Structure formats: C-alpha cells, structure tokens
Amino acid sequence: MSELFETERLSLRKVSLKDKGKLSPLLGQEELMKWFGGPLRGKQVTAWIDENIRRYKADGYSYLVVEAKESKELIGLMGLLYEEIEGQTYLGIAYLVAPEKQGFGYAKEGIKALLDEGFQKGAGMIVAQIAKENQASRSLVQSFGFTFKRAYKRPQQDKLTVYEIYQMESVQWEEQR
C-alpha cells in the first residue's frame, strides 16, 4: 500500500505512533467504536497503532489515517486489511469516520480510492463485514454495488452480534467504472 495517496479532498496515510494524540479521542468514542469491539483508551490505543504497523509490514495493508487534504483535520480511519471470518481470510475494507465528519461524503470518497487501490493491486474480491444493525454502513457498501453473501454471529462486547458479509469482485468493480 502506498505511503500516502490522495483523493479530491482527502489524504490517506499510514498510522504511526506520532498519531496517538490525534487518534485517542476518535478511538475512545463509545458510540463510534461499538462496531469495533468498544472504545480504546491509553495503552490500548498504542497497542492498536502497533498492530497496524505490524500489519503494514506483514500484509501490506491496514488502517490509514484519513485527513482533510487542505486543513489536515482528522476525518477518520479507513483501510484495506486481511480479516479472518469463520476461519477464512479475506481482504476486507473497513472505515470509521468521526461523527462530526459524517454526512459529507468522506467515507464514500475514501472507500472508492481504497477499492481502486485494492483492485489495481490484483485483489479478486474485497469484502465488508458489517453489524446487521449498522444500517448506514450497509447502505454505503450497497451503494458501491457490494452484494450480500451471508450473515454470521461473532462475539462483540460480551455478546454475540450478527454481522453480514458483503462482497465486491474485481469484475463488478471494473464494469461499473
């Protein structure tokens, strides 16, 4: 994955330990992080950053810091990353946008760039796993043409949560570009 790439309004770059102060408030938000296993605090944020650095080295993919190109203001985190779902490994797309930045098309702009990046690098398929109750994310991936494949339950904050798997194949992506 590129060290940095840009869209019309966004800069996407690798996460580093220097980002801890910027990312801690975002990763600590209860409502936003409920889809990602719960809020992170202190050493958990450092461990999360370290895990992303490890994933860049091992896999070539992970979350990227997403900032407004002009102001460098934090928009959120997005990335392609390998995910294990019920014993199978998939290249997935993941994103979280700061609540105050939602509704401005940033997620759509960033996801489009990430899909382009993944498919240009030879991915045959990219998946999105989304909590069934997260209607906004389901609508977003469906707007790109991701198709529902199946649902499964996974542990999430001391309970089983239903997640749905959506997928986009490279052929679909090429046809709609």
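The values are calculated or read from the model by the stated rules, or taken from the named source; none is laboratory data. Bear in mind the structure is a predicted one, so any value in this text is a computation, not a measurement. Positions of Cβ are backbone-derived with ideal geometry, glycine not excepted, and every protein chain shown enters the neighbour counts.
If you take the residues of region 1-30 that are basic (Lys, Arg) and assigned to a helix (DSSP H, G or I), which of them is farthest from Asn134 (Cα to Cα)?
Looking at residues that are basic (Lys, Arg) and assigned to a helix (DSSP H, G or I), I get Lys18.
Could you list all residues from region 65-87 that are out of contact with any helix residue (DSSP H, G or I) (no Cβ under 8 Å at 6 or more places or on another chain), of a type outside the set (D, E, K, R) and not in a loop (DSSP other than H, G, I, E, B)?
Ala68, Ile85
Out of (1) closer than 21 Å to Tyr61 by Cβ; (2) of a type outside the set (S, T, N, Q); (3) surrounded by fewer than 13 Cβ atoms within 10 Å (Cβ to Cβ), what's the single condition that is false for Glu175?
(1)
Pick from region 103-138 the residues that are under 16 Å from Ile165 (Cβ atoms) and among the small types (Gly, Ala, Ser): which of them is nearest to the chain's Cα centre (by Cα)?
Ala128
Count, please, the residues in region 157-176 that happen to be free of Cβ contacts under 8 Å to residues at least 12 places away in the same chain and outside any strand (DSSP E or B).
Going through region 157-176 one residue at a time, the tally reaches 3.
Give the number of residues within region 31-58 that are assigned to a helix (DSSP H, G or I) and closer than 19 Å to Ile130 by Cβ.
6
Pull out all pairs, ordered by first then second residue, where Cβ-Cβ is under 8 Å, the residues are six or more apart or on different chains, the first lies in region 11-35 and is over 27 Å from Lys153 (Cβ atoms), and the second is surrounded by fewer than 17 Cβ atoms within 10 Å (Cβ to Cβ) and of a type in the set (Lys, Arg).
Ser11/Lys69; Ser11/Lys72; Ser24/Arg41
Would you check which residues across region 7-22 are in contact with a Lys or Arg (Cβ under 9 Å, 6 or more places away or on another chain) and β-branched (Val, Ile, Thr) and list them?
Scanning region 7-22 gives a single hit, Thr7.
Condition check: at positive phi, at pLDDT 95 or above and under 15 Å from the mean Cα position of the chain (by Cα). Does Gly60 satisfy that?
No, not satisfied.
Is it true that Glu109 is within 17 Å of Tyr63 (Cβ to Cβ), out of contact with any Phe, Trp or Tyr (no Cβ under 6 Å at 6 or more places or on another chain), of a type in the set (D, E, K, R) and outside any strand (DSSP E or B)?
Here the answer is yes, as Glu109 does meet what is asked.
Select, from Ala94, Ala98, Ala47, Ala68, the only residue that is free of Cβ contacts under 8 Å to residues at least 24 places away in the same chain and of a type in the set (A, V, I, L, M).
From the options Ala94, Ala98, Ala47, Ala68, the qualifying one is Ala47.
Among the residues of region 141-156, how many are out of contact with any strand residue (DSSP E or B) (no Cβ under 8 Å at 6 or more places or on another chain) and in contact (Cβ under 8 Å) with a residue 40 or more places away in the chain?
0
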